[in-house]
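A.B. asks: Below you will find the structure I want to go over with you.
The values are calculated or read from the model by the stated rules, or taken from the named source; none is laboratory data. All values reported here derive from a predicted model rather than from experimental measurement. Counting neighbours? That spans all protein chains shown, and the Cβs are built from the backbone with ideal geometry, glycine included.
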Amino acid sequence: MKTPRWTKRYRFVFSALTLIVWAAAPAVKAAEADWLSKDEVAALIAKLPPSPEPGSTRDLADLELEIYMQEHRTHDRSAQAVVDSGYSTALAVKDIDPRITPDRNPAFFRFFARLHREANLVDGEAKDVWKRPRPFEGHPDVVHPLFTAKGYSYPSGHATMALCDAVILNQLFPSKSALILTNAKRIAQSRVIAGVHYESDVDEGEGLGMDIAGDLLNKPQFLAELSDLKTEVQAQEPPSGKQNR
């Protein structure tokens, strides 16, 4: 089986990208233009390999794994997949720093809402290119999802968003790198367990999310806003040697 693209790059993303020097440009208001241009969106989509052809070796392997995961999913893991289906910034950060909330950190949540719109834009356009039916639509006789989902299957939007977020969250919380990646991978894999995505949808969604984050981390405007966010996050940390009670 093909090695997922994320396994070839995540070590680089979670180590080398932490060495990026924060840009000194002034912060840009969220109401201004999106970070990625139309040409950059098109280039990201062009990096994706074609969706597996129906009946191809990869397509059949996807279906075989989908059925296996369905037959072996536990009650607890199924419940987690349902929770993960409602992916949000709050879900992404609750284990990283529970003090970060929409009330206390509105700028943080506005920033990630914008990031999600960016990732969804790229993923949505990619889905429209390949138009792959979801597993429960293509094989309703053998795939029984925990819930249904709208739109096409390839690539996975949840995987794209979770891994894109993970790369950016690692810039803000480098000491939580392992936890951030573990959570993002769980959220992405929940889509296969739930029966709403194939494994290849998730593999390429993860790679796409990391590509999006990589492009954004090369943009001075994005880095300036991220630098401001990092300052806000660090301001919440307790003084050295003191602990929250």
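A.B. asks: Being of a type outside the set (A, V, I, L, M), in a helix (DSSP H, G or I) and under 30 Å from residue 64 (Cβ atoms) is true for just one of 209, 151. Which residue is that?
C.D. replies: None of the other options fit; the residue is 209.
A.B. asks: Output the residues belonging to the stretch 164-197 that are of a type in the set (Ser, Thr, Tyr) and within 21 Å of residue 120 (Cβ to Cβ).
C.D. replies: Keep residues of the stretch 164-197 that are of a type in the set (Ser, Thr, Tyr), which gives 175, 177, 182, 190.
Correct list: 190 only.
A.B. asks: Would you mind telling me which numbered condition in (1) more than 27 Å from residue 54 (Cβ to Cβ); (2) at pLDDT 95 or above; (3) surrounded by fewer than 22 Cβ atoms within 10 Å (Cβ to Cβ) residue 213 fails?
C.D. replies: With (1) more than 27 Å from residue 54 (Cβ to Cβ); (2) at pLDDT 95 or above; (3) surrounded by fewer than 22 Cβ atoms within 10 Å (Cβ to Cβ) applied to residue 213, the lone miss is (3).
A.B. asks: Taking the stated definitions as given, is residue 192 more than 27 Å from residue 111 (Cα to Cα), touching a Ser or Thr at 6+ places or on another chain (Cβ under 9 Å), among the β-branched types (Val, Ile, Thr) and crowded, with 22+ Cβ neighbours inside 10 Å?
C.D. replies: Spelling it out, residue 192 is indeed more than 27 Å from residue 111 (Cα to Cα), touching a Ser or Thr at 6+ places or on another chain (Cβ under 9 Å), among the β-branched types (Val, Ile, Thr) and crowded, with 22+ Cβ neighbours inside 10 Å.
A.B. asks: Are there any pairs, at least 6 apart or on different chains, whose C-beta atoms fall under 7 Å, with the first in the stretch 182-195 and touching a residue at least 40 places away in the same chain (Cβ under 8 Å) and within 21 Å of residue 169 (Cα to Cα) and the second charged (D, E, K, R) and outside any helix (DSSP H, G or I), and if so, which?
C.D. replies: 183/95
A.B. asks: Give, as residue ranges, the helices (runs of 4 or more DSSP H) completely inside the stretch 1-112 that count at least 3 residues that are within 20 Å of the chain's Cα centre (by Cα) and at pLDDT below 95.
C.D. replies: 5-13, 89-93
A.B. asks: Would you mind stating whether residue 142 is in a loop (DSSP other than H, G, I, E, B) and either surrounded by 20 or more Cβ atoms within 10 Å (Cβ to Cβ) or not small (Gly, Ala, Ser) (or both)? Talk me through it step by step, then tell me what you get.
C.D. replies: Details: in a loop (DSSP other than H, G, I, E, B): yes; either surrounded by 20 or more Cβ atoms within 10 Å (Cβ to Cβ) or not small (Gly, Ala, Ser) (or both): yes.
Answer is yes for this residue.
A.B. asks: Which ones in the stretch 97-116 are over 19 Å from residue 228 (Cβ atoms) and in contact with an Asp or Glu (Cβ under 8 Å, 6 or more places away or on another chain)?
C.D. replies: None - no residue of the stretch 97-116 is over 19 Å from residue 228 (Cβ atoms) and in contact with an Asp or Glu (Cβ under 8 Å, 6 or more places away or on another chain), so the list stays empty.
A.B. asks: In the stretch 154-183, which residues are assigned to a loop (DSSP other than H, G, I, E, B) and either at pLDDT below 95 or surrounded by fewer than 24 Cβ atoms within 10 Å (Cβ to Cβ) (or both)?
C.D. replies: 173
A.B. asks: Ok, one more. Would you confirm whether any residue within the stretch 121-137 is of a type in the set (Gly, Ala, Ser), more than 13 Å from residue 66 (Cβ to Cβ) and in a helix (DSSP H, G or I)?
C.D. replies: Yes.
A.B. asks: Hey, can you tell me all the residues within the stretch 188-197 that are more than 18 Å from residue 212 (Cα to Cα) and in a helix (DSSP H, G or I)?
C.D. replies: Scanning the stretch 188-197 gives 189, 190, 191, 192, 193.
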